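One structure below.
The values are calculated or read from the model by the stated rules, or taken from the named source; none is laboratory data. For clarity, every value in this text was computed on a predicted model and none was experimentally measured. Backbone-built Cβ (ideal geometry, glycine too); neighbour counts: all protein chains shown.
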Amino acid sequence: MGAKDRLDQIRRELNEVGQVSVGDLSRHLGVTEETIRRDLERLESEGVLKRTYGGAILNPAQQAQSDTQFDKRVSRSAEEKRVIALKVLPLLENVSTIAIDSSTTAVASVKQLANREDMTLLTNSVAALRVLETGSLHVVLTGGEFNRETLSLRGDAAKRALDQYHIDTLLFSCKGIDSGGTYDTRPEEVEMKQRLMERSGRLVLLADHTKFGKTAFVKLASLDAISCIVTDRKPDDKWCDVMREHGIRLVF
């Protein structure tokens, strides 16, 4: 990976998580820690970040601009999300209880279910309420601490709330998929997704074609745990073979 790609990746991680560590970046990007330190020095000189012991945090001035990150992610790959939302509908025809994570892809998909009178939705996504203001779908929020950047609820209270429920199907997304599993960037978001997985009978991953062959900082789930992947178009044959080996149904 070249210097430009590394710097772009570090910027993305900072915008999504707010902080990075030298060790994690070194392992993830496949370069020495000294190289990462030089990258961080350069980004600090550009005003992107503030270096800390062992890593860096997003510059507070940049943080103010990232408060609308959720809305930016909503508009990103909008057509792919629309296609996925339509393709997931047949999988939910006879389902009475579903859960979604706080991803923009899952929120886009649940919009199609707003008028399902026979369905209950459990979620930690405050953003889901935006698209469900009208309609007859029964919605249950987990409660918990409000994260303004992701428009989601998190923390111990949110996780404890899930213990009383069992869900037929979970719709969730991730930042990357490879032969080792699925990955995401935010540890606190991963914890909520994993708790939702524990309470769900069927795991349906919503991932556009760009997610295949990518990884991120945090392991989310093994492929063996996933029942189905809904994507916007057919992945490369390599990934079709991997999913077949793990018994995962591909919908595209």
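Pairing residues of the range 193-222 that are more than 20 Å from ASP24 (Cβ to Cβ) and touching a residue at least 24 places away in the same chain (Cβ under 8 Å) with residues that are crowded, with 17+ Cβ neighbours inside 10 Å and among the acidic types (Asp, Glu), at Cβ distances under 7 Å and at least 6 apart in sequence or on separate chains, gives LEU196/ASP101; ASP208/GLU80; ASP208/ASP232; HIS209/ASP232.
Considering every residue within the range 221-231, establish whether at least one is part of a helix (DSSP H, G or I), of a type in the set (Gly, Ala, Ser) and modelled with pLDDT of 95 or more. Yes; the residues of the range 221-231 include at least one that is part of a helix (DSSP H, G or I), of a type in the set (Gly, Ala, Ser) and modelled with pLDDT of 95 or more. The residue that is nearest to GLU188 (Cα to Cα), counting only those in the range 118-142 that are at pLDDT below 95 and of a type outside the set (A, V, I, L, M), is ARG130. Being at pLDDT 90 or above, under 21 Å from GLU188 (Cβ atoms) and assigned to a helix (DSSP H, G or I), is that true of even one residue in the range 8-21? Within the range 8-21, one or more residues are at pLDDT 90 or above, under 21 Å from GLU188 (Cβ atoms) and assigned to a helix (DSSP H, G or I). Between THR215, THR210, the distinction of being part of a loop (DSSP other than H, G, I, E, B) and out of contact with any Cys (no Cβ under 6 Å at 6 or more places or on another chain) belongs to THR215 only.
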